[in-house]
Each structure stands twice: as structure tokens, then as C-alpha cells.
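Working notes, beginning with the structure itself.
The values are calculated or read from the model by the stated rules, or taken from the named source; none is laboratory data. Worth saying up front: this structure is predicted, and the values here are computed from it rather than measured. No Cβ is skipped: glycine too gets one built from the backbone with ideal geometry, and neighbour counts run over all protein chains shown. Just so you know, the surface numbers come from the protein's heavy atoms only, side chains and all, with ligands and any DNA or RNA stripped out. Shrake-Rupley method; radii C 1.70, N 1.55, O 1.52, S 1.80 Å.
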Amino acid sequence: MSEIVGIDLGTTNSLIGVMDAGFPILIANQEGSRLTPSVVYLPESGDPVVGAPADRMRALFPERTIYSVKRLMGRRPGESEKEDFPFAVKSQSGQMLLELGQRSFKPEEISSLVLKKLKADAELSLGNPIERAVITVPAYFNDLQRQATKRAGELAGFAVERMINEPTAAALAYGLNRLDDHSRIAVYDLGGGTFDISILELNEGVFRVLSTNGNTRLGGDDIDRELVRLLRERIIARHPELRQELDDKLFIARIREIGHAAKLRLSTEETVQVDIPFLSGDRSFPYHLTRQELEAIARPIVRRTRSHCLRSLDDAKLDPAKLDEVILVGGVTRMPIVRQFVAEIFQRLPNNTQNPDEAVAVGATIQAGMLSGQIQNVLLLDVTPLSLGIETFGGLMNVLIPRNSTIPCKAGELFTNAVANQSVVQIVVLQGERELAKDNWELGRFDLEFEPVSKGFARIGVQFEIDADGILHVLARDTRTGRQRLIELSSAVDVSDEAVEKMIAESLDHAFEDMADRLWTEAVLKSNELLPAVRSALTLVGDQIELDDRRKIHRLVNEVEVALKSREHHRLKKANAELDEGTQHLATLLIDRAMAEAARRKK
Ligand code: AMP
């Protein structure tokens, strides 16, 4: 059996490792480093340049040097992304593309170039070809982002054996030497572009993820952007005449590079001298940047991780005091302010025995070792980070697999038709935590045809299955005819960035409004069912009740109609209940009438 490598495909850096005599080892690239910058320089002519040599091109050719492409994987470009990058990002038929001159690339094509370099360098080092890989993804990646990562691996020539969540991988790296332990650990992973928090239980070789949370748009890149803004402001304050010059992309790229180097040093030094050369002339801008200044801009960014940590603890039903360790992963966790912040939230000093840049790759390699049989007695039980469901009547989200369900898993439900003689249903597959379908990510939609029947008579089974890679397979079946469709969700997707942002950052903020919307929609559905039924009953059996009773029912109907216009959920709910209650005897009369008619027909 050929070897399986473990790969951490990072926003900023990527790493590759392999099992060697039962131990996970990371392989140095041709430049002699275990970290390969996830940067690709695409010259006007000639082959792409990948890694450290590409990173050096960033300040010289910002428009042709792609970095942080992981932020764009499985995404459509939004306005903020366009502002963020010095290279061109455009949206075409729901897809997002990077534009370089006449050519355009999908984000996964760029990622595949990074993977190709890792593969080639590792093959050179090991002296044999490598075809199989385990690749890590942020736990909070949605289905589309996972699919895009898998495609990147395949484009690079790998059979992607498994995709594993980054914090889970880090926990494997931490726990491999402690397989006999019984402990609960939190993995706080703040990288260049994403933040993940996972809580795991380690019990005699079984790693069970209890909960996971995070944000795919939060990381060190945000600090870099704010730092560029701060340095720009400082230069303008001293040289207002340079304002226009400071908008130049090349210049911004230079400030970014210098600011980034200063940021790294400020994790260990209190103050650093930055010298920014100007575009024209021989002047430069000397500036003393302090850790305090950096922390002032980093603090609001780091604070954004708080709600995710609390939610994760809550989902795991754990008090911070019950945790045994907090492991730090991702380069940003080298910043003292991040360590202090983590210590405050989890009420303990974080464990820093793991190299924050390498733990994920080591974990991916361990998973590769588990798949190839080189590591035994370890079992990994991961969870799905976001709920999955379909849209139902009234535009509501109907959850089939709730978030934090252990994967692989399967769930199904029977649905019916809302309209008589309907012959097709549209299945809209959603991912997210919001009550209304429109606020969740739409992963895909497809039609299922079935035999026309009366309202409520169709039986459509929908089954969701999440495989060990966290990828979703959807099956829909008309149980009467057995007609079914199994769908791939990778195409025809149009996720708006607005929705992405809403989903991750605001699902908590919107919890109350969402619930109110859901309750309102449910009440409206109820009215829509009740009103026509009562009107039809009045036509059929209205003459069998007292005039006063008829008047009362008309009053109740009127109140429902008025409440429908009010948008007050309590009022509508109450009006529905009163109408329901006040027309119970009509139902009895209707049944009597139906029975009498049946008896007449028999005769
Ligand atoms: P990762 O995605 O895990 O490779 O993390 C990379 C991010 O960590 C980038 O935003 C880096 O700028 C940041 N980073 C790496 N080392 C340090 C450091 N010593 N201090 C502060 N940030 C760092």
C-alpha cells in the first residue's frame, strides 16, 4: 500500500508530513523549511512560482501574487473581499474567480498549486511518489468550502483519503502521547484567516469532539489590515502631501510587509523601529511601533473570538473549570494579548507545549497513520459544525442533522405536498443556524417529480448523510413509486457573502428576532389553513347553526384577518386559537354531513 501524507493546507503557510517508524514527521521543502507559504506568484509568462520565492514577489507584483486564497475557497466574492486583496477577484455565474490579465483561476486551482509543490518537495525528499493524502480544513468550513478543498487536492494529483478538522488534528498531536489519559481539552486555533474552537474529550484512545464553533473570516490577516491602516494614518499625519501616493497598491503592499514583520517581532519585543521607504524620493518614514499600539488594534479582533468560545463551552455543557487543558494553535496565538485573553476566558494558563504552526500538520499525519494502519488503538469521533436541513412551508428551515452531531451520521424525514395535484417538489438544501431558510447558506436545490395526489398525500423521504470528511450526500425518494435522486451539491451554488457574514457572526445576535420570525410564520401558516377551512364549512353547514353562533364565528374570522395585518405574533396566535376553539362544532357537523352523504350514496 502506498504511503499517505498528512497536509495542513493553511491560509498563510502549508505543511506536509509522513509517518516514519511509527512517528509523525514533517518534511522540509526545497528551501529547507517545514513551512511553505501558501502564496502563488503567476508571472505574465512562464510557470507559477509557489511558496517562499512567491512570497518575496508579493511587494513587487501585488496584482499577480495570490495569498490567503483559503479565505476565498468555496465562496463568492463580496465587496469586502474585493477591497481586501490587491489582486482582482470577480464573480461569474455564482462562482468566484481570481483574474490575472487574460486568465482567470478558481481559488481551488490556486490552492492546488500549493499542494503540488508540497507533493513534489515531499516526493523529492522521500524518494518515492505520493498519491494519497489527508488534508485538514477549518472545523467551521461549510460543505462548499470542504468540496473546494477536496477538488484542490484532486487537481494536485492526490487521492484525498480523508479531510479532518484542524482543531481535531491539533488535539490528536497533543494526545498521541497521552492515550491513557481521561481529559477534556479545548483547542483554540487562531490562524491567518480563520478561527476555530473545539472542545474534545480524550478517553483511552478515543478522541470525541464535544462541540465546535468558529468564524471562517477572522484571523491574523485582519490584524495586518488594521496595522496597515494605522501606519498609513501615521504617515499622513506627518506628510499630508503623500496622501495620494499612499493609495498605490505597491506602496500598500510594502507597508503591509514591513508592518507584518514588526507584528511578529512585537510578540517578543516591547517596541520596534519601522522604516518605511517612500515610493518617490529618498526620504523614508521612521516610526517606533509599540506593543501597546499593536494590542490596541488587535484587541477588538481577538475579542471577537469570545462569543465562539462561550458557545462552544455551552454546547459541550462544560464549565471552564472542568477543562484539563487549553491548547493554542495558529501563529496568532504567539501574541501575548491572545494568551492573556485565552487565560481569562478559560480561567487557566494555556498549554504551549505544541508548536502552534505544526500541531495541525502533525495531527493530519497521525490521521494518515491511522488510515494506513501504522497507528492503532486510536479512534476519532468528530462532529459536524453547522446544522443541515431543508426549506419547508413558509420559508422555514427544517433541521435534519443538528450541529455538533457526531459524524459520520445519517438522518431522514418524510415530507408531503402542500398543494393538491402537485407533481414536483423542490428540495432546497440548507446549512446554518438561522430559523428562516433565506438566512442560511443554500448548498443546492433540485427537483423531485412524483405522481400527482391530493394535498398532504405524497410521501417524500429526504435523507442526509455526512461522511467522515464532513461532506453531505442528499437522497430524496418518492416512497410511493421508489423514484429517487441522489445529489451532488458541489455545483450551481450561489452563496452570497452577506449571508455568510450573517450566518457566522450574527446567528447569536439574531436568535430572538429569528425565533419571532419563525413563530410569526408558523402562526400565518396556521391562519392560512384555518380561514379557508372555516369559510368552506360555513358554506356547507352554516345553515345548521344559530344566527348568533354564525355572527360569533364571523367575528373570530375577522379578528384573525386583522391580526394577520398587525404582524403581532401573540395576537395572531390567540386569534387562531379562538377561531379553532369556536369552530370545533362545525367539524362535528361536517363529519355528520359526510356520513349522511355516504349513507345516501350507498342506497
Ligand atoms: P497560520 O494560519 O496558523 O499559519 O497563522 C498565520 C498567522 O499567524 C498570520 O496572520 C501570521 O501573521 C501570524 N503570526 C505568525 N507568527 C506570529 C507571531 N510571532 N506573532 C504574531 N502573529 C504571528
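Of everything in the range 190-206 that is open to solvent by less than 10 Å² (accessible area, probe 1.4 Å) and either at pLDDT 90 or above or within 17 Å of PRO350 (Cβ to Cβ) (or both), the residue that is farthest from the ligand (Cβ to nearest atom) is LEU202. Taking the criterion of being farther than 27 Å from THR11 by Cα and of a type in the set (A, V, I, L, M, F, W, C), the residues of the range 167-204 that qualify are LEU179, LEU202. Within the range 460-471, being aliphatic (A, V, I, L, M) and not in a strand (DSSP E or B) holds for ALA468, ILE471.
Scanning the range 248-271 for residues that are of a type in the set (A, V, I, L, M, F, W, C) and within 12 Å of the ligand (Cβ to nearest atom) gives ALA261, ALA262, LEU264, LEU266.
Checking each residue in the range 577-601 for being among the polar types (S, T, N, Q) and modelled with pLDDT of 90 or more picks out no residue at all. Of everything in the range 337-380 that is more than 13 Å from ILE164 (Cα to Cα), within 10 Å of the ligand (Cβ to nearest atom) and of a type in the set (Val, Ile, Thr), the residue that is nearest to the chain's Cα centre (by Cα) is VAL338.
Conditions tested, residue by residue: (1) outside the structural domain of LEU60 (by TED's automatic domain parsing); (2) free of Cβ contacts under 8 Å to residues at least 40 places away in the same chain; (3) open to solvent by less than 50 Å² (accessible area, probe 1.4 Å).
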| position | (1), (2), (3) |
| --- | --- |
| LEU227 | yes, no, yes |
| ARG234 | yes, no, no |
| LEU246 | yes, yes, yes |
| ALA253 | yes, no, yes |
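Considering PHE285, PHE278, the condition of being away from the ligand (no atom under 14 Å from the Cβ) and out of contact with any strand residue (DSSP E or B) (no Cβ under 6 Å at 6 or more places or on another chain) is satisfied by PHE278 alone.
Has the range 276-285 got any residue that is open to solvent by less than 10 Å² (accessible area, probe 1.4 Å), β-branched (Val, Ile, Thr) and assigned by TED's automatic domain parsing to the domain that holds LEU264? Among the residues of the range 276-285, at least one is open to solvent by less than 10 Å² (accessible area, probe 1.4 Å), β-branched (Val, Ile, Thr) and assigned by TED's automatic domain parsing to the domain that holds LEU264, which makes the answer yes.
Here is a yes/no grid of residues against (1) open to solvent by less than 30 Å² (accessible area, probe 1.4 Å); (2) away from the ligand (no atom under 11 Å from the Cβ):
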residue	(1), (2)
THR290	no, yes
THR305	yes, yes
CYS309	yes, yes
ASP315	no, yes
LYS322	no, yes
GLU325	no, yes
MET335	yes, no
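Filtering the range 576-601 to residues that are among the acidic types (Asp, Glu) and in contact with a helix residue (DSSP H, G or I) (Cβ under 6 Å, 6 or more places away or on another chain) leaves only GLU578.
In the condition set (1) closer than 19 Å to ASN215 by Cβ; (2) without any contact (Cβ under 8 Å) to a residue 60 or more places away in the chain, ARG348 is compliant with all but (1). A Cβ distance below 6 Å, combined with a sequence gap of six or more or placement on separate chains, defines the contacts here; from the range 207-223, residues that are farther than 20 Å from ALA171 by Cβ and at pLDDT 90 or above reach residues that are within 16 Å of the ligand (Cβ to nearest atom) and in a strand (DSSP E or B) in the pairs LEU218/PHE195. Considering the range 281-389, the qualifying helices (runs of 4 or more DSSP H), each wholly inside and each with 2 or more residues that are closer than 30 Å to GLU413 by Cα, run over 306-315. The criterion of at least 2 residues that are modelled with pLDDT under 85 and outside the structural domain of GLN145 (by TED's automatic domain parsing) is met by the following helices (runs of 4 or more DSSP H) wholly inside the range 472-574: 497-506, 511-541. Checked against the criterion of being touching an Asp or Glu at 6+ places or on another chain (Cβ under 7 Å) and buried (at least 24 other Cβ atoms within 10 Å of the Cβ), the candidates GLY214, GLY219 yield just one match: GLY214.
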